[in-house]
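The values are calculated or read from the model by the stated rules, or taken from the named source; none is laboratory data. Worth saying up front: this structure is predicted, and the values here are computed from it rather than measured. No Cβ is skipped: glycine too gets one built from the backbone with ideal geometry, and neighbour counts run over all protein chains shown. The protein model used for the area step is the full one, side chains on, heavy atoms only, and it has no ligands, DNA or RNA in it. Shrake-Rupley method; radii C 1.70, N 1.55, O 1.52, S 1.80 Å.
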Amino acid sequence: MRESLELRELIDIIFKGKWIIVLTIIIGIVIAFVISWYFMEDRYESKAVVQVASGTQDTGIMSNFIATEFTPLVYIQRIQNETKMNEAFSKSNFESFNQENLLIKNEPNSNLVELVYTGLTPQETQQGLQVLINETKSDMNNSVKKTLDDLEATYLSESEVLSSEIENLMVTYNNLISSNELPEILILQTISDTQFVIDLNEQQSAALANIDGNVQNQLLQIKAKIDAKSDEYRSVLAKYQSVKTGLDSFNPDPFIRIIIEPTYAENPTSPNKLLNLIIGFLLAIILGTAIVLFRAYWKRTGNINTI
């Protein structure tokens, strides 16, 4: 019975203080309205989906370098590079890039990267995300081209060294033939695998017949070195030509494809003004009720102390 009286008394107290609660609600809603409409900036979101795939075409010797660069993980790291993105924003006359405004999602084992960029205006947000995508693509393209440039220079240097070594071996081989008055056809045999049949004069025949084992071994060893260096030279030259051809025709478009272009936000995503009003309304009810209950408690304890 006592609990029933306390509950009735509590309801009576709240009912008597209803105007205080109503006033508190009005003040709370007004404060939430003013803050939401006049103090909190509108924020807009632009969304895009990018596919990063390195296995879209056969690129020969370049496949390893492309497979290493064009991955979702590398793409995410590059698009978060504040230095590079600030340079791109500066060229586009945008404010500085803030990494907190960029949200990136990439599901495991997926080559799709979801991008969400937040800005102050719909146009600025859309263009800002497009700048980020373009700059990242350009950065990855330049990285691959620089690697291929270095590789091209390495192969060219190797081919020049091998060419010089082959030339020195040929000079040694030719000097050995000339000093022993051997047929000059042996010189031709060092640069061709084809067998030649020619007539030799008596002096050349005698020189061939009298060639000692030491000279023959030297010729065979030099010839073997020339053949080995020639094979190595042809391999390096083929790699050089492959890299040079790939470098001249390289295009990052097949590896970075925009599945969904940056969207244009029609309405702001934050602040959620309706939600703010609801929160202000609920907090005002709680605060108003607390004031009414505390007021009644204060009066009661004051009367008790007076008695």
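Scan region 92-126 for residues that are in a helix (DSSP H, G or I) and under 12 Å from Ala265 (Cβ atoms) and report the count.
Count: 5.
State all residues of region 105-143 that are within 12 Å of the chain's Cα centre (by Cα) and among the β-branched types (Val, Ile, Thr); if no residue qualifies, say none.
Within region 105-143, Val113, Ile133, Thr136 qualify.
Scan region 239-261 and report the pairs whose first residue is in contact (Cβ under 8 Å) with a residue 60 or more places away in the chain and whose second residue is among the hydrophobic types (A, V, I, L, M, F, W, C) and not in a helix (DSSP H, G or I), with Cβ atoms within less than 6 Å and a gap of 6+ or a chain change.
These pairs meet every condition: Phe255/Phe70; Ile256/Val52; Ile258/Val50; Ile259/Val49; Ile260/Ala48; Ile260/Val49.
I'd like to check something: does region 36-54 contain any residue that is outside any strand (DSSP E or B), open to solvent by 20 Å² or more (accessible area, probe 1.4 Å) and farther than 30 Å from Ile279 by Cα?
Yes - at least one qualifying residue is present in region 36-54.
Kindly indicate which of Glu107, Glu114 is modelled with pLDDT under 90 and surrounded by fewer than 17 Cβ atoms within 10 Å (Cβ to Cβ).
So the residue among Glu107, Glu114 that is modelled with pLDDT under 90 and surrounded by fewer than 17 Cβ atoms within 10 Å (Cβ to Cβ) is Glu107.
Considering region 266-298 alone, what residues qualify as being under 17 Å from Glu45 (Cβ atoms) and assigned to a helix (DSSP H, G or I)?
Lys273, Leu275
Of all residues being over 28 Å from Leu73 (Cβ atoms) and of a type in the set (D, E, K, R) in region 240-272, which is modelled with the highest pLDDT? Just the residue, please.
If we take residues in region 240-272 being over 28 Å from Leu73 (Cβ atoms) and of a type in the set (D, E, K, R), then Glu266 is modelled with the highest pLDDT.
Need pairs with beta-carbon distance below 6 Å; first residue within 16 Å of Trp298 (Cα to Cα) and outside any helix (DSSP H, G or I) and within region 2-27, second open to solvent by 90 Å² or more (accessible area, probe 1.4 Å) and at pLDDT 85 or above; sequence gap 6+ or separate chains.
Every condition considered, no pair remains.
Name the single residue, out of those in region 282-293 being touching a residue at least 24 places away in the same chain (Cβ under 8 Å) and open to solvent by less than 80 Å² (accessible area, probe 1.4 Å), that is nearest to Leu120 (Cα to Cα).
Ala284
Would you pick out the residues in region 251-265 that are under 22 Å from Glu45 (Cα atoms) and assigned to a loop (DSSP other than H, G, I, E, B)?
Glu261, Pro262, Thr263, Tyr264, Ala265
Return the residues of region 259-281 that are open to solvent by 100 Å² or more (accessible area, probe 1.4 Å) and of a type outside the set (Phe, Trp, Tyr); say none if nothing qualifies.
Glu261, Glu266, Asn267, Leu274, listed by residue number.
Considering only residues that are buried (at least 16 other Cβ atoms within 10 Å of the Cβ), over 27 Å from Glu158 (Cβ atoms) and not β-branched (Val, Ile, Thr), which ones fall in region 235-256?
Correct list: Pro252, Phe255.
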